Structures are given as structure tokens and as C-alpha cells.
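Values in this text are rule-based calculations from the coordinates and carry no lab data. Being a predicted model, the structure only gives us computed values, none of them experimental. Note: ideal-geometry Cβ built from the backbone for every residue, glycine included; neighbour counts use all protein chains shown.
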Amino acid sequence: MNSVIQEIEKIRNGKPFRLIDSFYNRYSVVCREADGTKTAYCFSVPIRSVKTGELVDLRFSHRKNGSVLNGSEATVTITDRAHFANPYGCCEVFFKGRLTKKTVDTIQFFDADVQTEIRPTLNGLLFVLDCKANAQPEFVLKTDRIFASTRANDRYFSVMREKFVPLVTVSCVGLLNAKGKVTSPCRIENEQTGEKEYTVRFVSESKSRFRVAVEINMQETKLFQDTTVESYFPKRNNAFGSVAFLGKSRQFGEQWLYSRLESANIRQLQNKKILKTILHIPQLGTNKKNLSVRRVVKRFCSFGSNWENKIAVFDPVAESTVSNGYQHLDISEILGSLKNKSENYVIQAPNANSPIIVSTGDCFHAPQILEVQFQ
């Protein structure tokens, strides 16, 4: 994602829009339509600075003491390492290489085994690692103090500042093809190497040169609480992973994405007359088959749900269309008036023998977007 406005332009397919300055919400921008209605574009993570209220500028500012990105809540400074800081703590990420290039969009480091390209996200960084065959790139992550615990599986690693709230999360997006599309997962391994230090390693099945994308973000409250569940790992939970491989895959079996809108985060819309709600999910892979959305029979827990205890679902409510890099799902029938505290649903890839790879609600470089038309 290059900017909030550019993503909205893609979703609108060139249809002109005029922003309304008086509507303030950290997740949203609102425009006025020609017919007198209004449309809110609500992103799955905050798009406005908690300090200034302005939209996050997804560009680096290069200074003598390093390159700086001001995210929605965190400040990130890149020298020969990346330093992340928010009001709850700090961490440093160490990686290999010497600086070779800086632009407002990317910072590049060169090493004989791994070439590193760094791009901004809304509250952290996206690392694209170009690796030699059999390389196992790794980062060393150091925190400013001892935190109580970590949560992890082979797709993400989080240092927790509270029981269910991370300080920072490392999430593996996956292996990339030449066009930057995700083709398959990449496994994360982690090891605590000191009281405040962790080594995070990225393991690929590839026997040749490969590229892998990794997100590192400071925590922000999400608009959607979600998790994938999957048949090959029936007890696994993926609460902080940023990518879903929906449908059937060799690595995960059948995978679903449970999701729940936390409507209190867009409370300005709760007293409006809602006309339509469309969920736009970034298409990270090449499989453009349609997704479907279903109601669930009861509320799910984003930290406790797995394939073994998965909740029953009803018949599909809607099927997606695909365009401009997004899966588009009309979920008006599920969300209704937005007056409920939360609404639960599951997204599936019916009859997909190869996975449909999309972002989850925890993705900061390609967030989901909820379009809400209202009066």
C-alpha cells in the first residue's frame, strides 16, 4: 500500500470523491457522494496518527541520525538497525547488510546471502528479503525491558505487554514471485537468547533463490478481531497472523477465516442509517476465485477458536467479486445497522483446491477496508 487515498481510488475504480473534513475517526475517511449519501472507508488498522489526527504518511523522512517513519502510534527509526517505539515500550530489530539505497518509499541493504528491502506500513515496517538458496535469514529482536510472555506459532511471533495485547509482532507474509505476489507460506522459528532478546528465523522449503516478505509492527487496536482455523493443525490459533491461505493447501489442509467487526471503534456510524456495507480484502496471491461469507451460529473467540472447536455456520450470505487487487464481499445482510457491539462471520473459499491468499485484519501493509454507505 502506497497511501490511504490511493487504495480508496482503486476500490472506487476511478469514481471521483470529495473528502469530508468534519468526520474524525482513527480508522476512517468519509466522502460525500453525488446523490447526497456519504461513504466511510474504514480500515482494519488505524490510518491516522494518534498524536496529530492526520493520515499516516507512508513515506520515510531521511535525516542525519537515520530514516524516520511516523506510524499511527509508533515511531520507527532506521540506521544499521530498526528502532521501534510507542508509549508502551521500545524494541530494536537487527539485520545484516550495509546500506546501499534510500528513497522515500524504500531503504535497501546488501549482504552476500540476503538483500533486504524495507518499506513502510501503517505502524511499522515490511521487510522483503531476497535470499540465496538454502539461506535462513534471521532477525535479532531486543526489547527495552523484560516483558511477561510471548505468543507464537510458525507464522507469527509476538512479545506481549499484556496477556492478550502484544508490544510488537513479527508476521511472515510468505514467499513472493517476481511480481510480488505471495505463492506459499514461509515458516517462522523463534528462540529466546537473553532476558530481553529473541532470535526470529525464517525457514523456506525452496531449494533455489527465494524472496520472503515479513511484517514487523507495534500493536494497535484492530477494527476486526479474527483468526484462521485449519484442518491440518486442528488445535492451532493464529490470532496475530497477517495472512490467510483460504481453501485447501498442502501446508494447512482446509483453512477458514473467522472475523468479527468491533463496531465500537467506528461509533460515529452507529446512529446513522446504513444503506450498504462492503468488505474489501486485499488479494495477496494469484488465485482469483471467489470467496464466500457466512454467518456463524454464535460468537467466536479470536484467541480460543481452532479447527477442533470450530463454530457451526449457516448457508453463504454472499459471494465475492474480484477486481483491482481486492476481493469484494457485500456483507450488508450480516452487519445490518452496526448497532450491535460486534458481528461474527466466517470467510471461506468454496471448492478451492489451491488456496486464495488474502490479508487478515492484523495486516498493516495491506489492510482490509470496510466500505459503509450511509445517510
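Remarks
- From least to most packed, judged by other beta carbons within 10 angstrom and beginning with the fewest, Met1, Met218 follow the order Met1, Met218.
- Under the simplified labelling scheme, the Ser208-Ala178 pair shows an inter-label distance of 1.0 nm, with each label point 7 Å from Cα along Cα→Cβ.
- Farthest toward positive dipole pole in the chain [+1 Lys/Arg, -1 Asp/Glu at C-beta], among Tyr258, Thr77, Thr39: Thr39
- A straight Cα-to-Cα reach below 16 Å connects Lys101 with the lysines Lys64, residues fewer than 8 places away in its own chain not being considered.
- Length released on extending from Asn351 to Gln192, taking residue separation times 0.36 nm less the Cα-Cα span: 53.2 nm
- Neighbourhood charge, 13 Å Cβ-Cβ cut-off, centred on Val322 and excluding it, Lys, Arg +1 and Asp, Glu -1: +2
- Label zone (Ala133, point 7 Å along Cα-to-C-beta; backbone nitrogen cut-off 17 Å) within the range 96-121: 113-114.
- Here the chain is assigned +1 on the Cβ of each Lys and Arg and -1 on the Cβ of each Asp and Glu. Its dipole about the Cα centre then comes out at about 320 debye.
- Cα shape, the range 61-218, gyration tensor, a/c 1.5 rule: oblate
- Cut-off under 5 Å, modelled amide H: who pairs with Ser72 long-range: Asn123
- Each of Val30, Val358, Val317 has some number of other Cβ atoms within 10 Å of its Cβ, and from fewest to most they run Val317, Val30, Val358.
- Relative protection proxy for 68-81, 46-59, 14-27, 245-258, from highest mean packing down: 245-258, 68-81, 46-59, 14-27 (other beta-carbon atoms within 10 angstrom).
- Descending by average beta-carbon neighbour count within 10 Å, the peptides 99-111, 278-290 line up as 278-290, 99-111, the highest first.
- At R0 = 25 Å, FRET efficiency that the Cβ-Cβ distance of Arg18 and Lys51 yields, to 0.05: 0.45
- Around Gln283: net Lys/Arg minus Asp/Glu count, Cβ-Cβ under 11 Å: +3
- Partners for Lys235 among lysines (Cα-Cα distance below 25 Å; same-chain residues under 8 apart left out): Lys163, Lys222, Lys248, Lys298, Lys310
- The charge dipole of the range 61-218, taken about the Cα centre with unit charges on the Cβ atoms of Lys, Arg (+1) and Asp, Glu (-1), comes to about 380 debye, rounded to the nearest 20.
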